[in-house]
Amino acid sequence: MASILEYAINFSFISLIFGLVFCLMRLVKGPTLADRVVALDLIAFLTIGFIAVYSISSNEPAFLDIAITLALVAFLGTIAFARWIIKSQLDKVVDSEEEL
């Protein structure tokens with residue numbers, strides 16, 4: 001008989017897969033760049049969730065170090081995307097003011 005932990009791990013993997021499918025649809029459909037950036041960020045954090053659940057299921061805590069590193073890289077990537085979006089929007093505002 002399977003334990004409650006095995007059921008929880010299986011449920012977690014299934015939930016993460018559904019979340020990943022919905023995020024991939026949002027990444028493809030868009031409609032704006034900000035939506036795509038948020039979807040890409042969520043995909044990174046769902047990947048972290050996969051790594052964490054796999055770490056629990058395999059009883060290998062070394063994978064948690066990988067998850068933490070990926071979380072830091074994903075966070076820095078999100079900050080970089082946000083700064084790029086803000087800078088590009090500010091450049092458009094400045095260009096439109098110069099035309100007046």
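The values are calculated or read from the model by the stated rules, or taken from the named source; none is laboratory data. For clarity, every value in this text was computed on a predicted model and none was experimentally measured. We place every Cβ from the backbone using ideal geometry, glycine too, and count neighbours over all the protein chains shown.
Results, tabulated for the structure shown:
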quantity: Residue match in segment 88-98 (condition: of a type in the set (A, V, I, L, M, F, W, C) and touching a residue at least 24 places away in the same chain (Cβ under 8 Å)); calculated: no
quantity: Residue ID - nearest to Phe11 (Cα to Cα), chosen from residues in segment 25-83 that are in a helix (DSSP H, G or I) and either in contact with a strand residue (DSSP E or B) (Cβ under 6 Å, 6 or more places away or on another chain) or of a type in the set (S, T, N, Q) (or both); calculated: Ser57
quantity: From Leu24, Leu46, Leu70, Leu42, residue being touching a Ser or Thr at 6+ places or on another chain (Cβ under 8 Å), within 30 Å of Leu5 (Cβ to Cβ) and not polar (S, T, N, Q); calculated: Leu70
quantity: Selection count, segment 1-52, where residues are surrounded by 13 or more Cβ atoms within 10 Å (Cβ to Cβ), of a type in the set (D, E, K, R) and more than 15 Å from Ala74 (Cα to Cα); calculated: 2
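Table: residues versus (1) at pLDDT 90 or above; (2) touching a Phe, Trp or Tyr at 6+ places or on another chain (Cβ under 8 Å); (3) charged (D, E, K, R).
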| position | (1), (2), (3) |
| --- | --- |
| Cys23 | yes, no, no |
| Val37 | no, yes, no |
| Ile56 | yes, no, no |
| Ile85 | no, no, no |
